[in-house]
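Asks: Take a look at this one; I'll ask things after.
The values are calculated or read from the model by the stated rules, or taken from the named source; none is laboratory data. Everything numeric in this text was worked out from a predicted model, so none of it was measured. Backbone-built Cβ (ideal geometry, glycine too); neighbour counts: all protein chains shown.
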Ligand SMILES: CC(C)(COP(=O)(O)OP(=O)(O)OC[C@H]1O[C@@H](n2cnc3c(N)ncnc32)[C@H](O)[C@@H]1OP(=O)(O)O)[C@@H](O)C(=O)NCCC(=O)NCCS
C-alpha cells in the first residue's frame, strides 16, 4: 500500500470511497472534483496495487472559516491563513496500519514548506482522538456553531501549529 498523487482519472473511485465511508456526510461529485482541480498537489490516493482504498483532499484556506459541507470553494483564497484538511478517509481494512499518520506527516511537511504556520480541519465521525494523537487540538470559535452543525453534532474545528512538531 502507498500514497500517491490523485489525478482527475481517480475521481470516480474517490466518489465511491466517499459514498461508502462518509454515509452521513454525502458530498456531490463536483464538490470533490473541484478540490482536486483547484489544488491537485494537496490531493492523494492510498492504493493497494491498483485498488483505491483511501484518499486525502486538502487545500489552503482561511483559518476559522471552514467551508460548509458539500459546498464548492470557488477559488483558493490568497492570502490563505491555514492549510485545510478537507478529508482523510480510509476503507476499514486500511485503518490501524499507520497510513493516516503517514499522510498527516506528509501534509504537515507540505504546509510548512508552503509557508503556513497552522493546519486545520473539521473533525467528524468521532475522529477527534485520532487528530489529537496527530498533534491537533480543538479550538472554539464564536459564531461557528451553525456552520459546524452542517457536519453533524460531533463536529469540531481542530488546529495544529506547524511549529509544534
Ligand atoms: C480517521 C481515520 C483516517 C484514522 O485512520 P486510522 O488508520 O483509523 O488511524 P490509526 O489506526 O493509524 O490511528 C492512530 C491512533 O489514533 C487512534 N484512533 C484512530 N481513530 C480513532 C477513533 N475514532 N477513536 C479513538 N481513537 C482513534 C488509534 O487508536 C491510534 O492510536 P495509537 O497510535 O495510540 O494506537 C480513519 O479512521 C478513517 O478513515 N475514518 C473514516 C473517515 C473519517 O472520519 N475521516 C476523518 C474526517 S475528519
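Asks: May I ask you to say which residue of 106, 72 is in a loop (DSSP other than H, G, I, E, B), closer than 27 Å to residue 12 by Cβ and modelled with pLDDT of 95 or more?
Replies: Checking each option against the conditions leaves just 72.
Asks: Right, another one. Of the residues 134, 114, only one is at pLDDT 95 or above and surrounded by 14 or more Cβ atoms within 10 Å (Cβ to Cβ); which?
Replies: 134
Asks: Another question, then. Within the stretch 79-101, work out how many residues are more than 15 Å from the ligand (Cβ to nearest atom) and either touching a residue at least 12 places away in the same chain (Cβ under 8 Å) or under 24 Å from residue 145 (Cβ atoms) (or both).
Replies: Result for the stretch 79-101: 2.
Asks: Right, next: Looking at the stretch 110-161 only, could you name the residues that are in contact (Cβ under 8 Å) with a residue 24 or more places away in the chain, within 14 Å of the ligand (Cβ to nearest atom) and part of a loop (DSSP other than H, G, I, E, B)?
Replies: 124, 125, 126, 134, 135, 136, 150, 151, 152, 154, 155
Asks: Scan the stretch 41-63 for residues that are surrounded by fewer than 19 Cβ atoms within 10 Å (Cβ to Cβ) and assigned to a helix (DSSP H, G or I) and report the count.
Replies: Matching residues across the stretch 41-63 total 1.
Asks: May I pose another question? Name every residue in the stretch 1-39 that is out of contact with any strand residue (DSSP E or B) (no Cβ under 8 Å at 6 or more places or on another chain), closer than 14 Å to residue 70 by Cα and touching a residue at least 12 places away in the same chain (Cβ under 8 Å), in order of residue number.
Replies: Listed by number, the residues that qualify are 15, 24, 25, 26, 27, 28, 29, 30, 31, 33, 34.
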